[in-house]
Amino acid sequence: EVVKQLVRQYHLDTNHVFCTGMSNGADFSYYLARQSRPLVKAIAPIAGTMMAAWDTHLSKQRAMAVMEVHGTADEVTLWDGDMANRDGWGAYLGTEAVVKWWRDRLRLTQSATGVMGAVSYTRWGTDRGDSEYVLYTIAGGKHVWPEHLGNPERSLAQEIVTFFEKHSGKPDM
C-alpha cells in the first residue's frame, strides 16, 4: 500500500520501483518481489532469505532481477538456512536454496563468475535479458552491511544503484 500511495502521490513510474534492505529488510525485499503483481522491478537483499512458509502462498515469477549479498559465516541469517526453526524466527531457506528457487522459476542459466579478494560472485540470467540473479558471496562474512564488494573504490550502495539502473529500462543515468 505504501508503494501504491507513493506512486499515486508523486506520479512515479512503476517500472522504476526498487527495494533493498538488510536482514529483515532483505527478507521483505524478497517478499515484495514474490507477490503475484510485484511492485518492484529489482531487489538487492543483503544478508537475508526467504521464509519456508512463503512457498504456500506467494507466486511464481515471470521476470525479476535480484542482487543478493550474503556472508558464509552469518550467525543471524545462516548461510545454510534454518528449516528446523532452531533459532525461533520461523523456518527459512538457505542461501543456495533461495538461489535455486529463483533459478528454477525464472529459468536462469549461469553466465558469469568472478572473485575479488574474499568476495566471489555468480550470475545467472536469461537470453532475453529480462531476469537475472547475482549472488555475491563473502567468504567468512558476518551479518553486516559490507562496505564494498571487493573494490574499495565503489561502495555497496553504489553497486546497488548501478544494478537498479541496469534494470530501470533507461539508458545509463
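Laid out as a table, the results:
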{"read-out": "Answer residue from region 124-173, given it is within 18 Å of Asn15 (Cβ to Cβ) and of a type in the set (Ser, Thr, Tyr) and is most open to solvent (accessible area, probe 1.4 Å) among those", "value": "Thr162"}
{"read-out": "Region 132-161, subset part of a loop (DSSP other than H, G, I, E, B) and in contact with a helix residue (DSSP H, G or I) (Cβ under 7 Å, 6 or more places away or on another chain), residue nearest to Thr113 (Cα to Cα)", "value": "Leu149"}
{"read-out": "Hits in region 9-30 - residues which are over 22 Å from Glu159 (Cα atoms) and modelled with pLDDT of 90 or more", "value": "Gln9, Tyr10"}
{"read-out": "Any chance Ser111 is at pLDDT below 95, surrounded by 12 or more Cβ atoms within 10 Å (Cβ to Cβ) and closer than 18 Å to Lys41 by Cα", "value": "no"}
{"read-out": "Region 67-97, residues that are in a loop (DSSP other than H, G, I, E, B), under 14 Å from Met50 (Cα atoms) and among the β-branched types (Val, Ile, Thr)", "value": "Val76, Thr77"}
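To keep it simple, each residue is scored yes or no on (1) over 30 Å from Gly117 (Cα atoms); (2) touching a Lys or Arg at 6+ places or on another chain (Cβ under 6 Å); (3) in contact (Cβ under 8 Å) with a residue 24 or more places away in the chain; (4) open to solvent by 60 Å² or more (accessible area, probe 1.4 Å).
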position	(1), (2), (3), (4)
Thr14	yes, no, yes, yes
Pro38	yes, no, yes, no
Met50	no, no, yes, no
Thr72	no, no, yes, yes
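The values are calculated or read from the model by the stated rules, or taken from the named source; none is laboratory data. Treat the numbers as computed from the prediction; the structure is a model and nothing was measured. Glycine also receives a Cβ, built like all others from the backbone with ideal geometry; neighbour counts cover every protein chain displayed. When the accessible area is computed, the model is the full protein with side chains, heavy atoms only, and any ligands, DNA or RNA have been set aside. Shrake-Rupley method; radii C 1.70, N 1.55, O 1.52, S 1.80 Å.
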